[in-house]
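The values are calculated or read from the model by the stated rules, or taken from the named source; none is laboratory data. Predicted model only: the values in this text are computed from it and were never measured. Here the Cβ is made from the backbone with ideal geometry for all residues, glycine too, and neighbour counts use every protein chain on show. SASA here: full protein model, heavy atoms, side chains in, ligands and nucleic acids out. Shrake-Rupley method; radii C 1.70, N 1.55, O 1.52, S 1.80 Å.
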Amino acid sequence: GKLELLAAKGRYQNAQLMLQQAQDDVEIAREALKQWLNTSSAVDVAANDMVMMEGLPEADSSALSANPQLQYFTQQVEVKKAAHKVEKSKLAPKITASYGSQQISGQTGFFAYQGGISIPLWFRPQQGQIQAAEAEVKIADAQMQSAQLELNSVINQKLKSFDKVSKTVDYYRE
């Protein structure tokens, strides 16, 4: 009777709502596709033109290492390591040598030779600079590892989403 009719109306309205949400999702996806294709004209994809991928794509470690964001952080680590080496090298003695030849009033034969050793006497200020450079290397390394973990997480999330959608498509194909 009346109870079954109300239940059927409720299911019908729920199905209508789900249909409307699916149509809205399609429109959202079309707008995103227009943005990716850099076009303002309408984009439509025919359902019979679609080719479904079989299985999950494999995570490619070479593609991960070619990621520009990870390359940037790897480069930053290398830059900080080089800066650390420069700071450490400032503790080493510096050896200088020079040679000069001079002509005075048309006479030549005036030569000058000079050599020297520069030894740093105060190590403490430079030790602080070295420790700061070491800290910057550690910070850059931590940032690189964080970016790598974040990228791996995003990849895993996308693979799980792909698996979920793939199972949904398989369910509706049956």
Discussion item. Considering only the range 111-133, I want to know if a residue exists there that is within 27 Å of the chain's Cα centre (by Cα) and either touching a residue at least 12 places away in the same chain (Cβ under 8 Å) or more than 30 Å from SER62 (Cα to Cα) (or both).
Written reply: yes
Discussion item. With the requirement that a residue be aliphatic (A, V, I, L, M) and more than 20 Å from SER65 (Cα to Cα), what does the range 140-174 give you?
Written reply: VAL165, VAL169
Practice prompt. Go through (1) open to solvent by 90 Å² or more (accessible area, probe 1.4 Å); (2) part of a helix (DSSP H, G or I); (3) not aliphatic (A, V, I, L, M) and name the single condition GLU87 misses.
Written response: (1)
Fill in: Among the residues listed as VAL154, VAL165, VAL169, the single one being touching a residue at least 12 places away in the same chain (Cβ under 8 Å) and surrounded by 10 or more Cβ atoms within 10 Å (Cβ to Cβ)
VAL169
Worksheet entry | Matching residues, the range 90-117, being surrounded by 10 or more Cβ atoms within 10 Å (Cβ to Cβ) and small (Gly, Ala, Ser) | ALA92
Worksheet item: Restricted to the range 52-70, and to residues that are aliphatic (A, V, I, L, M) and at pLDDT 70 or above, which residue is farthest from the chain's Cα centre (by Cα)?
Response: ALA63
